[in-house]
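S.K.: Sharing a structure with you now.
The values are calculated or read from the model by the stated rules, or taken from the named source; none is laboratory data. Small disclaimer: the values here were computed from a predicted structure and weren't measured. Note: ideal-geometry Cβ built from the backbone for every residue, glycine included; neighbour counts use all protein chains shown.
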Amino acid sequence: MKFAPEGQAWREVPLVLFDNDRWVAHFRLDRLGLWRWTIEAWTDPFESWRDEFEKKREAGQNVELELAEGRVIAAGELGRSRGQSNASSRALSHRR
């Protein structure tokens, strides 16, 4: 989470998982006046897929469709990193 008094540079504090899909952050307002804040976030398609895949696998559910989806996500990531020295993409390509 980013926050700052009006007209000042952003400061940052981490969001911390509270429960399920709820996150919290705390910061001190150290002066009077107008303050601004924003939340900076992004998605991670592979991690979202991995989390759901693990839940279904641990529950003994059929994961054939999830495996196909994982291949599509991995292929997309590898395509984006083509030509770059990206250790995580290379590692992903060798996972089985």
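S.K.: Out of the residues in the range 26-46 that are charged (D, E, K, R) and farther than 13 Å from E12 by Cα, state the one that is surrounded by the fewest Cβ atoms within 10 Å (Cβ to Cβ).
M.R.: Restricting to residues being charged (D, E, K, R) and farther than 13 Å from E12 by Cα, the top hit is D30.
S.K.: Okay, moving on. For the range 9-31, enumerate the residues that are more than 30 Å from I73 (Cα to Cα) and out of contact with any strand residue (DSSP E or B) (no Cβ under 9 Å at 6 or more places or on another chain). Can you show your working first?
M.R.: Filtering the range 9-31 for residues more than 30 Å from I73 (Cα to Cα) gives 9-13, 25-31.
Those that are more than 30 Å from I73 (Cα to Cα) and out of contact with any strand residue (DSSP E or B) (no Cβ under 9 Å at 6 or more places or on another chain): A9, R28.
S.K.: Please indicate, with yes or no, whether at least one residue in the range 57-78 is acidic (D, E), modelled with pLDDT under 90 and assigned to a helix (DSSP H, G or I). Walk me through how you get there before you give the answer.
M.R.: From the range 57-78, those acidic (D, E) are 58, 64, 66, 69, 77; that's our starting set.
Filter once more, keeping what is modelled with pLDDT under 90: 77.
Among the residues that remain, those that are also assigned to a helix (DSSP H, G or I) are: 77.
Looking through the range 57-78, at least one residue is acidic (D, E), modelled with pLDDT under 90 and assigned to a helix (DSSP H, G or I).
S.K.: Six or more apart or on different chains, Cβ under 9 Å: which pairs go from a residue in the range 57-82 that's on the phi > 0 side of the Ramachandran plot and loosely packed, with under 11 Cβ neighbours inside 10 Å to one that's among the aromatic types (F, W, Y) and modelled with pLDDT under 90? Could you list them?
M.R.: Within 9 Å, no pair qualifies.
S.K.: Quick check on my filter: what residues within the range 1-19 are in a strand (DSSP E or B) and either surrounded by 12 or more Cβ atoms within 10 Å (Cβ to Cβ) or not β-branched (V, I, T) (or both)? So that I can check it myself, show each step before the final result.
M.R.: So the first thing to find is which residues in the range 1-19 are in a strand (DSSP E or B), and the list is 2-5, 11-12, 16-19.
The answer is K2, F3, A4, P5, R11, E12, L17, F18, D19.
S.K.: Only one of R22, R50 is loosely packed, with under 10 Cβ neighbours inside 10 Å, modelled with pLDDT under 95 and of a type in the set (D, E, K, R); which? Even if it seems obvious, please write down each step before you answer.
M.R.: Numbers: R50 fails: loosely packed, with under 10 Cβ neighbours inside 10 Å.
Just a single option satisfies the conditions, and that option is R22.
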